[in-house]
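Report on the following structure.
The values are calculated or read from the model by the stated rules, or taken from the named source; none is laboratory data. These numbers were taken from a predicted model, which means no experiment stands behind them. As a convention, Cβ positions derive from the backbone with ideal geometry for all residues, glycine included, and neighbour counts pool all protein chains shown. Accessible surface areas use protein heavy atoms only, side chains included; no ligands, DNA or RNA. Shrake-Rupley method; radii C 1.70, N 1.55, O 1.52, S 1.80 Å.
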Amino acid sequence: MDRTSLKNQAKAELNPNFSYYLRISLPALLLMAFATLVPFSTVHEVHRGEWHTLLRGDIFTVTGGRVNEYWQMWQSIVIFLSLLGVLLMIGVMFAMMDGLRGQSDHQFSWLQMFKIFERGEYFLGSLLIGLLQWLWVFLWMFLLIVPGIVKAMAYSQAQWIYRDAIDSGQPIGYTEAIKRSRELMYGHKWDFFVLLLSFLGWWLLELITMGLASIWVIPYRSMTLANFYLKLTEEQA
């Protein structure tokens, strides 16, 4: 699969409609930025009776009693917001797929920002498929790292497959979506891996700019990955 062609087609859809895609991506980007810049907090207890909170970088310092409760509460908040950001980004990628297929008028609406909640099947399916993917990849990585990475790539198209099945009026189960993803990715995992590696420079740019470059890079990368699935299904057809 031609990576240059995939990226050029993604940019051809993204660049003229960047304002639209940026606006519908904004909640997801903000939540993902928060989860990145404020990771699981380190909570310190000093002298009891001296209460103050310091939020600086990735350090959340609480002095006083009940430190463990604050630490657990802060972890729960970060996990919840991270999960919400991922789900919202899946919805954005659904909108990107519509754009690549010529099924979008690129007219901004609040519903587009929260497309993952447009249908209950989208939300529930994306959540449970994501949890199954995470669990199975974790179990594979628990054995060996490389097989875990291979399985992660094999399962990578399950969200798209599940959504397309719903839209076609032929819904499938969560494990069936993952099974079909494995079948679709047979012989294409290396292509997918190299495609991800081709964004290494962009990831470094995000790091150097303290995440500011993500405003364009994340939609660009997401659009390219959506286009990868589109080309896979076209080849299969």
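Hey, can you tell me all the residues within segment 10-29 that are hydrophobic (A, V, I, L, M, F, W, C) and open to solvent by 10 Å² or more (accessible area, probe 1.4 Å)?
Restricting attention to segment 10-29, the residues satisfying the condition of being hydrophobic (A, V, I, L, M, F, W, C) are 10, 12, 14, 18, 22, 24, 26, 28-29.
Result: 12, 18, 22, 26, 29.
Conditions (1) outside any helix (DSSP H, G or I); (2) more than 19 Å from residue 29 (Cβ to Cβ); (3) among the aliphatic types (A, V, I, L, M); (4) at pLDDT below 90, marked per residue:
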residue	(1), (2), (3), (4)
191	no, yes, no, no
205	no, no, yes, no
211	yes, no, no, yes
216	no, no, no, no
222	no, no, no, no
226	no, no, yes, no
233	no, yes, no, no
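In the list 137, 146, which residue meets the criterion of being β-branched (Val, Ile, Thr), closer than 28 Å to residue 188 by Cβ and either in contact with a Gly (Cβ under 9 Å, 6 or more places away or on another chain) or touching a residue at least 24 places away in the same chain (Cβ under 8 Å) (or both)? Write out each step before concluding.
Values: 146 fails: either in contact with a Gly (Cβ under 9 Å, 6 or more places away or on another chain) or touching a residue at least 24 places away in the same chain (Cβ under 8 Å) (or both).
So the residue among 137, 146 that is β-branched (Val, Ile, Thr), closer than 28 Å to residue 188 by Cβ and either in contact with a Gly (Cβ under 9 Å, 6 or more places away or on another chain) or touching a residue at least 24 places away in the same chain (Cβ under 8 Å) (or both) is 137.
Within segment 187-200, identify whether any single residue is of a type outside the set (Lys, Arg) and at positive phi, and answer yes or no. Even if it seems obvious, please write down each step before you answer.
So the first thing to find is which residues in segment 187-200 are of a type outside the set (Lys, Arg), and the list is 187-188, 190-200.
Then keep just the ones that are at positive phi; that gives 187.
Looking for residues that are of a type outside the set (Lys, Arg) and at positive phi, one finds at least one in segment 187-200, hence yes.
I'd like to verify a number: residues in segment 167-179 that are open to solvent by 30 Å² or more (accessible area, probe 1.4 Å) and either without any contact (Cβ under 8 Å) to a residue 12 or more places away in the chain or assigned to a helix (DSSP H, G or I) (or both), how many? Talk me through it step by step, then tell me what you get.
To start, the set of residues in segment 167-179 that are open to solvent by 30 Å² or more (accessible area, probe 1.4 Å) comprises 167-171, 173-176, 179.
Adding the requirement that they be either without any contact (Cβ under 8 Å) to a residue 12 or more places away in the chain or assigned to a helix (DSSP H, G or I) (or both) leaves 167-170, 173-176, 179.
Count: 9.
In segment 171-224, how many are polar (S, T, N, Q) and more than 13 Å from residue 7 (Cα to Cα)? Full working, then the answer.
Just the residues of segment 171-224 that are polar (S, T, N, Q), to begin with: 175, 181, 198, 209, 214, 222, 224.
Pick out the ones that are also more than 13 Å from residue 7 (Cα to Cα) and you get 175, 181, 209, 214.
Number satisfying all stated conditions: 4.
Assess whether residue 164 counts as being at pLDDT 90 or above, open to solvent by 10 Å² or more (accessible area, probe 1.4 Å) and closer than 16 Å to residue 94 by Cα.
Values: at pLDDT 90 or above: yes; open to solvent by 10 Å² or more (accessible area, probe 1.4 Å): yes; closer than 16 Å to residue 94 by Cα: yes.
It is true that residue 164 is at pLDDT 90 or above, open to solvent by 10 Å² or more (accessible area, probe 1.4 Å) and closer than 16 Å to residue 94 by Cα.
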